[in-house]
Amino acid sequence: MTLFAEYGHVLFILACAFGLFMAWGIGANDVSNAMGTSVGSRALTMKQAICIAMVFEFAGAYLAGGEVTETIRSGIVELDVMTQHPDLFVFGMLASLLAAGSWLLIASILGWPVSTTHSIVGAIIGFAAVGISADAVQWNQVWGIVASWVTSPLAAGILAFWIFRSVQYLILDTEDPFANAKRYIPFYMFAVGFFLSMVTLLKGLKYVLKSHHVEFSFLQSVMIAVAIGLVVAAIGTYLLSRISQDKNADKNNRFSSVERVFGVLMIFTACSMAFAHGSNDVANAVGPMAAVISVIQSGEVGAKAAVAPWVLLLGGVGIVVGLATYGYKVMQTIGKKITELTPSRGFAAEMAAAATVVIASGIGMPISTTHTLVGAVLGVGLARGIGALNLRVIGGIFASWVITLPAGAGLSILYFFFFKGVFS
């Protein structure tokens, strides 16, 4: 097409710049959700959390970000309609990246934990419905996303509530919490190893395994995760044997020694969740970017676009920079403002979030990692009574979730017509 021959280089640079901006937003907002519980519970300092996330998020994004990424995110747009308008498709994807990045910037400044997936999906819906045709959107997929606003936090909240209740019953509310922590925490360690392995196998490593023609069924993934869980429990039991009770500290806080044990567990969950998150959510930035690059090079819209290693590298760098420069805002909201977290509470929240992601992946339910983690933190807070929750902060978070889709869509429509006016 004349457009791509004349402006191909400019569109290519814009795609890279907007993709990097979107990845920055993922780092500033979404990564902070994954690390917020560890920071809020004081299992990790802010600097330690950022260092761990920088290593494991980048490793997940670059090593397991996917050899092939579906450019039409979540089947939101009808491909048949888009193939007739490759120029409008490019304008739309550029507008979507810029719109989602802009919304994530606004949300991060305000400290709102919002869904990056919903941001980019809302943006794609906006340009497709208004800029091309209402028929270009698969509206049945949109209702699934709306339903996930309720199902994601509710499922994680219920799980977190009962996980923390079990911690209270088996460990915290007993005569000798430290002895019971040593007795029961290996079982929790097995569960953590199992669920985080499942998250990594089902979400993080899925595309890497496919690229090497290796594909595990759900049952095979379960068997591998059980083996990893047993190894984690064995390592955990050895580490626990080296932790002794600090009776002086326990005089001031009865659970001081117990929380130190949970603190060790939280470091493992933080590393694993960061890797799984980086490998899964980098697609929100590199998917549309790879789509634009593919159309510029080929002149036509395809169902899939190969993702070059340097594109994943760019996405990984953007995520790390976003977290390091602005991640503290959302970390504070998740970790400190919803409810007071300790390592045992943070562990319950993170484990419940991982379990919810695994179950949702297994049954094909649309889900948001952000909504899941917030719901899990709420569940832990409720286990201590409604008074333990900051209802004002929670109200603001829920409002930001509802605003995300229309905000992404509205910004995307504005940017779409701007690009169309400039380049057409």
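Here the gap between Lys47 and Val422, fully extended at 0.36 nm per residue and compared with their Cα-Cα distance, gives a gain of 130.7 nm. What the phi angles of the range 136-147 give under the Karplus curve with 6.51, -1.76 and 1.60, with θ = phi - 60°, is a coupling list of 6, 9, 8, 5, 4, 5, 5, 5, x, 5, 4, 4 Hz, glycine and proline written as x.
Considering only Arg345, Arg242, Arg260, the Gaussian network model of the chain with Cα springs below 10 Å gives its largest mean-square fluctuation to Arg242.
What Kirkwood hydrodynamic radius, in Å, does the range 269-424 give when the mean of 1/r is taken over all pairs of distinct Cα atoms and then inverted? Result for the range 269-424, one decimal place: 18.4 Å.
Neighbour counting of Cβ atoms within 10 Å sorts the residues Phe275, Phe255, Phe347, Phe195, fewest neighbours leading, into Phe255, Phe195, Phe275, Phe347.
Taking 41 Å as R0, compute the FRET efficiency from the Cβ-Cβ separation of Ala399 and Gln220 and round it to 0.05. Given R0 = 41 Å and the Cβ-Cβ separation, E is 0.45.
Which order do Leu202, Leu44 fall in if you start with the one that has the fewest other Cβ atoms within 10 Å? Show your work: numbers first, answer last.
On the way: Leu202 20, Leu44 24.
Listed from fewest to most nearby Cβ atoms, that is Leu202, Leu44.
Here the extension length gained between Tyr184 and Glu78 equals 33.1 nm, from 0.36 nm per residue of separation less the Cα-Cα distance. Each Cα pair under 8 Å and six or more residues apart adds its sequence gap; the mean of these over the residue count of the chain is a relative contact order of 41 percent. Annotation: amide H-H contacts under 5 Å for Val77 (H modelled 1.01 Å from N, sequence separation of 5 or more, or interchain): Gln138. With a/c under 1.5 counting as rounded, go ahead and sort the range 359-424 into rounded, prolate or oblate using the C-alpha gyration tensor (a ≥ b ≥ c being the square roots of the eigenvalues; past the cut-off, prolate if a/b is larger than b/c, else oblate). Here the range 359-424 falls in the oblate category.
Sequentially through the range 338-353, phi angles give Karplus couplings (6.51, -1.76, 1.60; θ = phi - 60°) of 6, 7, 6, 10, 10, x, 5, 6, x, 4, 4, 5, 5, 5, 5, 5 Hz, Gly and Pro residues having no value and appearing as x. Kirkwood hydrodynamic radius computed over the range 91-223 comes to 19.0 Å, based on all pairs of distinct alpha carbons.
Of Ser119, Ser197, the sequence from fewest to most neighbouring Cβ atoms within 10 angstrom is Ser197, Ser119.
Once volume of the Cα convex hull per residue in Å³ is calculated for the structure shown, the corresponding label among (1) 126; (2) 144; (3) 187 turns out to be (1). Computed 3J(HN,Hα) for the range 320-331, one whole-Hz value per residue from the Karplus formula 6.51 cos²θ - 1.76 cosθ + 1.60 where θ = phi - 60°, is 5, 5, x, 5, 5, 8, 9, x, 4, 4, 6, 4, glycine and proline marked x.
Quick note: the coordinates plus some simple rules give every number you see, no bench work behind them. Keep in mind the model is a prediction, meaning the values are calculated, not measured. When we count neighbours, we look across all protein chains shown, and the Cβ atoms used for this are built from the backbone with ideal geometry, even at glycine.
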